[in-house]
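Readers should treat all values here as calculations from the given coordinates under stated rules, not as data from a laboratory. Everything quoted here is computed from the prediction, not taken from an experiment. Reconstructed Cβ throughout: ideal geometry from the backbone, glycine too, with neighbour counts over all protein chains shown.
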Amino acid sequence: MNILLINHYAGSKMHGMEYRPYYMSREWVQMGHQVTIVAADQSHLRTKNPVVQDEFTEEWLDGIRYVWLKTPPYEGNGVKRAFNMFSFVGKLYKYKRRIIELSQPDVVIASSTYPLDTYPAASIARQTGAKLIFEVHDLWPLSPMVLGGMSPWHPFIFIMQRGENYAMRTVDGVVSILPKANLHLVDHGMDPKKYTHIPNGVDVAEWEGADQPLPTEHEQVIRKYKEEGYFLVGYAGSIGPANAMDTLIESAPSLKNEKVKFFLVGKGPFKEGLEQRTRELNVDNVVFLPPIPKATIPDFLHHMDALYIGAKKDPLYKFGVNPNKLIDYLMAGRPIIHGVEAGNDMVKDSGSGISIPAENEEAIGAAVRELMSMPKEELEKMGANGRRYALANHDYKKLAQRFIDAMK
């Protein structure tokens, strides 16, 4: 089968996020399918954007044909990003014939966060007789309306809503990483029978083969407290507002007399402010460490006794969440403190830790104490439950096959 995947922000191991298109496509190639990814050369998500000179650049990565369409640079979520989106959609139309000649698609997947790529994707599908799949990552334009306070009558929102409605009426199937996105999409014209939930995943062989050890700076301080008998609670990821890291910091004073240390690895716009807050609270049980490479994350997680993940309360979460960080935590086989309120709860479902209310520092302290009081065997059982759940539900080999089944 020839698969054409259109995703504005598609990345790879070489370029960074977003990874899902790359891992899915690599599995499809290994199954014997031909895959073409069409993406913009500019993305705020990637660590490294491709360097292209021409408007249309072809590149091969791990058996996947990438087509990079040159678009204007931008930063953040302002007008320039909107201009970049419209530029990408325009280039899809401009190079439609060339894309068809290269990919000869049997299936076209419109997979950008925003729904406007469905228009050119549908045009390609009609011209080639291909099936059309709409892949939902975030709910647009609902997300900017709820999070950004944008009016439904704002021109940008109005255009996006028309795109989503068009997609729901037109496509042959809808795939979403959000388990309950169908609750929203049926209100915009989707036939419920067209919906398939396929979550984010993990490349198991890559995860298990990520044997890059911690930097000496990290390893020495972690080993010091481990040898002194401290219970270590880890967090690895962005230190920003969405992750409720301020709540974690506010829980620290209630545990200052316990033998517990929080280790926070990562960077983000709130890191400096949170470090200042720990000094104001006069606590020494929170340790901030520099970010580490992706290949080192498993080693860091394995050094911890428990892992924390949190999120701000968000009305959009009623449709479910599927953070990659949580899948890493499950794979690490460590008990998880899960401070996220959503339409799904992978920690509760897997029996891999303790779920607590979001943005509740008292609940974090209570969860840490509960884990510290548990026998080692019980903690190991929680960790084993999580890893087993991840392997059963988030292995990209299995998810890629489910996606193929949805296409068929």
Formal net charge of residues neighbouring R169 (Cβ-Cβ distance under 12 Å; K, R +1; D, E -1): -1
GNM top mover of Y225, Y19, Y119 - the chain, alpha-carbon springs below 10 Å: Y225
Charge-dipole axis of the chain as Lys and Arg at +1 and Asp and Glu at -1 on Cβ define it, positive-most pick from S112, P290, L307: S112
Most positive-pole-ward Cα, N182, L264, I100, against dipole of the chain from beta carbon charges: I100
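How large is the dipole of the chain about the Cα centre if only Lys and Arg carry +1 and Asp and Glu carry -1, each at its Cβ, rounded to the nearest 20 debye? It would help to have the intermediate numbers written out before the result.
On the way: 47 positive and 49 negative charges, 217 e Å.
Using only the charged Cβ atoms, the result is roughly 1040 debye.
To the nearest 20 debye, what is the magnitude of the charge dipole of region 2-197 about its Cα centre, counting +1 on the Cβ of each Lys and Arg and -1 on the Cβ of each Asp and Glu? Intermediate results must be reported in sequence, preceding the final value.
Numbers: 21 positive and 18 negative charges, 40 e Å.
Here the size comes out at about 200 debye.
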Helix-derived mean residue ellipticity, 222 nm - over the chain, DSSP H n ≥ 4, -39500 (n - 2.57), to 500: -12500 deg cm²/dmol
P(r) of the chain over all Cα-Cα pairs, binned every 10 Å from zero, in whole percent: 4, 21, 30, 25, 14, 5, 0
Whole-Hz couplings from phi, Karplus 6.51/-1.76/1.60, listed for region 302-307; x for Gly and Pro: 5, 6, 8, 8, 8, 10
Eligible aspartates and glutamates near K318 by straight Cα distance, threshold 12 Å, same-chain separation 8 or greater: E341, D345
Where Cα atoms sit under 17 Å apart: lysine pairs in region 2-197 separated by 8 or more or lying on different chains: 12
Region 205-393 - charge dipole about Cα centre, Lys and Arg +1 at Cβ, Asp and Glu -1, debye rounded to 20: 100
Dimensions (Å) - region 205-393, Cα atoms, principal axes, largest first: 42, 38, 34
